[in-house]
Amino acid sequence: MIKVVKFGGSSLASAEQFQKAGTIIRKDETRRYVIPSAPGKRTSKDTKVTDMLYSCYGQAILANDDCDDDHQENFESLLNQIKERYNEIIQGLSLDLSLEEDFKIIRENFTKKIGRDYAASRGEYLNGKIMAAYLGIEFIDAAEVIFFDENGNFDDVKTNEAISSRLSGVERAVIPGFYGSKPNGKIKTFSRGGSDITGSIVSKAVHADMYENWTDVSGFLIADPRIITNPKPIDVITYRELRELSYMGATVLHEEAIFPVRKEGIPINIRNTNAPEDKGTLIVEATCQKPRFVITGIAGKKDFASVTVEKAMMNGQVGFCRKMLEVFESNEIPIEHMPSGIDTLSVFVHQDEFAEKEQKVIAGIHRAVEPDVLELESDLALIAVVGRAMKTARGTSGRIFSALAHANINVKMIDQGSSELNIIIGVRNHDFEAAVKAIYDIFVTTQI
């Protein structure tokens, strides 16, 4: 059996956290390949090393461009602070390891303005060297096995071949997360949180039986703990359910980390470094396990706007929807949801993306489809109620409406896909928290 284990920044923020991670890895001999993030925050007021590296590189650029002593001093000071963060971890683990040579190279490359991606990647790179020394296993630079093309797009085929070949004779190894390299050797990073993606890529390449993603929470919760006090955890969730919840704001795992392992049918286990006895959440392609509740999770976002057009006999006009959507496309405004009736069509968009271009959109819609009525509404929230069990549970929508009505919440929109996996409800921003509580209570609290 092969497990790939990824540890997030909070799990590797200090020597103490490193020791927890080391205990977890050594406890299970099938945990063979380790993906570390850069050190995260040790306290709420602390700064992540990745952010420190970005700031340090920025000062290096200013010092180089302006020949300014103050910027040079700031650069040196920040670099020393970063070095001290790592030295604290090394000393706390009693390792016979020096990163002096690495920091000399980093200093030279920062001065040469080698690039922000290189700067950010050093957080994972250095933490990977420490982790390898701590575990006594091989360190493999991600730049040697994770590849992007010349345009910065991830090269799945080349990467899969490189990792498979490199690890075929390696029993255990540490591969830093978050970055790889382009054909010219230049470092390229994934988006923030991209170490999750690296772990997924490695899992696919080695045909892992499990991808464990260790963080500071015990998996996914049914609802946001900032809204619901002690919400119940999600034991098992499918990739499709997770995509729906992640899209609406439930963030524990980088959403792009799903795709490599999903293709291979490899489950992901979200675990808590600080509570390793917790089983966490298992993410799978499909399952026969029945969820504890009709719904799997609730997630949502605020600050949407809606554009509603009404036109008699709209349903009989060929191309009406296309013409309307082209107005949003030409203004580069992405669409979130599009519920419709026989003579009405509503388009939901992010308010901040729409505000600056609203008059251009209104004029464009009038020219394109000549509506009888056009209405705008702002300060709306969208809530996704997601669950694979909803397909076979009768009266789910009715229960939602009943719960919201009992809480005196007016529903502005409801949209259910044909898969019956999720129901999207639109409410006023000021009703958002109350709506989430009402839905949670009717499906979870009353069922316990």
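Computed quantities for the displayed model
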read-out: The range 144-161 residues that are assigned to a strand (DSSP E or B), paired with ones that are among the β-branched types (Val, Ile, Thr) and open to solvent by less than 90 Å² (accessible area, probe 1.4 Å) (beta carbon under 6 Å, 6 or more apart); value: 147/159
read-out: In the range 321-368, residue least open to solvent (accessible area, probe 1.4 Å) [restricted to those that are part of a loop (DSSP other than H, G, I, E, B) and touching a Ser or Thr at 6+ places or on another chain (Cβ under 8 Å)]; value: 339
read-out: Filtered residue count, the range 14-35, keeping only those that are buried (at least 17 other Cβ atoms within 10 Å of the Cβ) and farther than 13 Å from residue 93 by Cβ; value: 7
read-out: Meets criteria (in contact with a helix residue (DSSP H, G or I) (Cβ under 7 Å, 6 or more places away or on another chain), assigned to a loop (DSSP other than H, G, I, E, B) and farther than 30 Å from residue 424 by Cα) for residue 169; value: no
read-out: Extreme residue, modelled with the highest pLDDT, among residues of the range 279-320 that are open to solvent by 20 Å² or more (accessible area, probe 1.4 Å) and part of a helix (DSSP H, G or I); value: 316
read-out: Candidate set from the range 244-267 (those that are in a loop (DSSP other than H, G, I, E, B) and small (Gly, Ala, Ser)); member that is nearest to residue 154 (Cα to Cα); value: 265
read-out: Some residue of the range 387-410 being touching a strand residue (DSSP E or B) at 6+ places or on another chain (Cβ under 9 Å), in a strand (DSSP E or B) and in contact (Cβ under 8 Å) with a residue 24 or more places away in the chain; value: no
read-out: Single residue of the range 338-369 satisfying the filter (among the β-branched types (Val, Ile, Thr) and under 26 Å from the mean Cα position of the chain (by Cα)) that is nearest to residue 305 (Cα to Cα); value: 349
read-out: Count of the range 209-249 residues which are hydrophobic (A, V, I, L, M, F, W, C) and out of contact with any strand residue (DSSP E or B) (no Cβ under 7 Å at 6 or more places or on another chain); value: 2
read-out: Members of the range 223-234 that are buried (at least 16 other Cβ atoms within 10 Å of the Cβ) and of a type in the set (D, E, K, R); value: 224, 232
read-out: Any hit, the range 42-53, residues being part of a loop (DSSP other than H, G, I, E, B) and open to solvent by less than 10 Å² (accessible area, probe 1.4 Å); value: no
read-out: Any hit, the range 121-133, residues being aliphatic (A, V, I, L, M), open to solvent by less than 40 Å² (accessible area, probe 1.4 Å), closer than 26 Å to residue 69 by Cα and part of a helix (DSSP H, G or I); value: no
read-out: Inter-residue pairs, beta-carbon under 7 Å, first under 15 Å from residue 344 (Cα atoms) and in the range 365-380, second surrounded by 15 or more Cβ atoms within 10 Å (Cβ to Cβ) and aromatic (Phe, Trp, Tyr), 6+ apart; value: 369/320
read-out: Number of the exception - residue 394 against (1) open to solvent by 40 Å² or more (accessible area, probe 1.4 Å); (2) under 27 Å from the mean Cα position of the chain (by Cα); (3) closer than 30 Å to residue 221 by Cα; value: (2)
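The values are calculated or read from the model by the stated rules, or taken from the named source; none is laboratory data. These figures come from a predicted structure and were not determined experimentally. As a convention, Cβ positions derive from the backbone with ideal geometry for all residues, glycine included, and neighbour counts pool all protein chains shown. Protein only, heavy atoms only, side chains kept; ligands, DNA and RNA dropped before computing areas. Shrake-Rupley method; radii C 1.70, N 1.55, O 1.52, S 1.80 Å.
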